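Undergrad: There's a structure below that I have some questions on.
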Amino acid sequence: MKKIIIFLLFVFLPFTAFSQPQMSEKHGSIYVESAEYAEVEQLFSDYDYKDFGHRDLKIPRIYLKSLPRDWENIEKSDDKNRTFIKILLPLIMKINEELDLERLSILSLLEKINKGQSLNDKERKFVEKKAEEYDVFTRNKEDVRYKIMLSELAEKVDELPPSFLIAVAGVYSDWGNSRLAIKANSLFREELWYSDEGIAPEGVENADFTYRKFDSLEDSLRSYIHKVNSNITYRFVWAARSQMREIGTKVVGQQIITAMAYEGKLKNIVGMLDFNLSYYKLNKTDINPTLENVR
C-alpha cells in the first residue's frame, strides 16, 4: 500500500506543483515567474488592485514575466483586456521610473554645461555611452560636443505615457492574444531582418525577416520604448512630448498618438489607438496611479 501511495505522489506531485503560481518577493516587489489567469486575478485582488482608473490609485509592484500560462484558453472579453492592461501597467511604470532617473542625470549635466562648467571624465563617458545607445551624433568637439549631445538626449530620454504604450500593445498584440505575445512575449511585432533567431511570420513565403522573441514582457516593453526614443521615425513623438514639457503639462498619451500617423505600419493606427484610449479610459493611467511597495 505504501508503495502505491509513494508512486501516486511521485506521479501527481509534479503536476500539482506546476499548477501553483511561481513567484517571489524582493525589495517590496512581487515577481511572478508563472501563473494561471485565475491566480493572477486573485493576486491582484489580494493587493486591492481591482482597477486602473480610480483617483490616486496605488499600483502594487506586481511584475509578471509572461502572460498567464492559460491565457490563450481564456475567451476574449473586455474583462480579459482589462487584465492585460493591469499586467502591463506596473511594468511600464517601473521602466518609466528608471527613465526619469536617467533623464534627471542628463538634465543635471546639461545645466552644468550651460553654466559654463566642463564635464569630468566620468560624466563624459556617461554622455558618450548614452549618445551611442540613443543614436545621437555630432562632429563637434569639447564642451560644444557635449552640450549638443545632452540637448538631444534630453529630448529622447524621457518616459512614454502608459496609456500610449498600452494602446499600442493592444493593437499590435490583439490584447495579448496573438501568437507572438503568447509564445514569444512580443507585444509590438518587432522585426529581425535577415536572421533566423526569431519566430517566422505565418503565411509569408521566403520571408527575409522574423519576429523578435523576448525573455519577458518587460524586455519587450523596454525594447519598444527604446525604439520609440531612439529611432528617427518617431521624431514626431519626441516633438509632441517636448512641447508638453515646455508648457509644464503632464505628458499624456492622447496628445502624442497623432504622431503615430508617421509610423506607417498600419493605415489606421491613429484611429485604433484613439479608440483603445477612449474605450478603456486609458488616460487615467497617465495621471492618477503611483507605484507602491507590497507588504
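The values are calculated or read from the model by the stated rules, or taken from the named source; none is laboratory data. Computed from a predicted model, the values in this text were never measured in an experiment. Reconstructed Cβ throughout: ideal geometry from the backbone, glycine too, with neighbour counts over all protein chains shown. In case anyone asks, the SASA skips ligands and DNA or RNA and just uses the protein heavy atoms, side chains included. Shrake-Rupley method; radii C 1.70, N 1.55, O 1.52, S 1.80 Å.
Undergrad: Inspect all residues belonging to region 139-150 and state whether any of them is within 26 Å of the chain's Cα centre (by Cα) and surrounded by 12 or more Cβ atoms within 10 Å (Cβ to Cβ).
TA: The answer is yes; a qualifying residue exists.
Undergrad: Could you grab me the full set of residues in region 151-184 that are open to solvent by 20 Å² or more (accessible area, probe 1.4 Å), touching a residue at least 60 places away in the same chain (Cβ under 8 Å) and not in a loop (DSSP other than H, G, I, E, B)?
TA: Glu155, Val171, Ile182
Undergrad: Specify the residue that is nearest to Asn81 (Cα to Cα); the eligible residues are those in region 31-47 that are open to solvent by 60 Å² or more (accessible area, probe 1.4 Å) and in contact (Cβ under 8 Å) with a residue 40 or more places away in the chain.
TA: Glu41
Undergrad: Mind checking which residues of region 200-221 are farther than 30 Å from Met93 by Cβ, at pLDDT 80 or above and open to solvent by 80 Å² or more (accessible area, probe 1.4 Å)?
TA: Glu202
Undergrad: Determine which single condition Leu119 fails, assuming it passes every other condition in (1) over 30 Å from Leu217 (Cβ atoms); (2) open to solvent by less than 60 Å² (accessible area, probe 1.4 Å); (3) assigned to a helix (DSSP H, G or I).
TA: Against the list (1) over 30 Å from Leu217 (Cβ atoms); (2) open to solvent by less than 60 Å² (accessible area, probe 1.4 Å); (3) assigned to a helix (DSSP H, G or I), Leu119 comes up short only on (3).
Undergrad: With respect to Glu75, is the statement that it is free of Cβ contacts under 8 Å to residues at least 60 places away in the same chain, surrounded by fewer than 17 Cβ atoms within 10 Å (Cβ to Cβ), in a loop (DSSP other than H, G, I, E, B) and at negative phi true?
TA: Against the criterion (free of Cβ contacts under 8 Å to residues at least 60 places away in the same chain, surrounded by fewer than 17 Cβ atoms within 10 Å (Cβ to Cβ), in a loop (DSSP other than H, G, I, E, B) and at negative phi), Glu75 qualifies.
Undergrad: Here's a check for you: in region 267-288, which residue that is in a loop (DSSP other than H, G, I, E, B) and touching a helix residue (DSSP H, G or I) at 6+ places or on another chain (Cβ under 7 Å) is most open to solvent (accessible area, probe 1.4 Å)?
TA: Asn283
Undergrad: Looking at Leu91, Leu67, Leu104, which is the one that is open to solvent by 10 Å² or more (accessible area, probe 1.4 Å) and either within 30 Å of Ser242 (Cα to Cα) or in a helix (DSSP H, G or I) (or both)?
TA: Of the residues listed, the single one that is open to solvent by 10 Å² or more (accessible area, probe 1.4 Å) and either within 30 Å of Ser242 (Cα to Cα) or in a helix (DSSP H, G or I) (or both) is Leu104.
Undergrad: So, in region 239-261, exactly how many residues are open to solvent by less than 50 Å² (accessible area, probe 1.4 Å) and under 22 Å from Arg189 (Cβ atoms)?
TA: 5
Undergrad: Quick one: is Phe236 open to solvent by 40 Å² or more (accessible area, probe 1.4 Å) and either in contact with a Pro (Cβ under 9 Å, 6 or more places away or on another chain) or not acidic (Asp, Glu) (or both)?
TA: Spelling it out, Phe236 is indeed open to solvent by 40 Å² or more (accessible area, probe 1.4 Å) and either in contact with a Pro (Cβ under 9 Å, 6 or more places away or on another chain) or not acidic (Asp, Glu) (or both).
Undergrad: Restricting attention to region 201-250, report how many residues are small (Gly, Ala, Ser), under 23 Å from Asn283 (Cβ atoms) and not in a helix (DSSP H, G or I).
TA: Residues in region 201-250 being small (Gly, Ala, Ser), under 23 Å from Asn283 (Cβ atoms) and not in a helix (DSSP H, G or I): 1 in total.
Undergrad: In addition: Pairs, please: C-beta under 7 Å, at least 6 apart or cross-chain, first residue of a type in the set (Lys, Arg) and in region 107-120, second not in a helix (DSSP H, G or I)?
TA: What qualifies is Lys112/Leu119.
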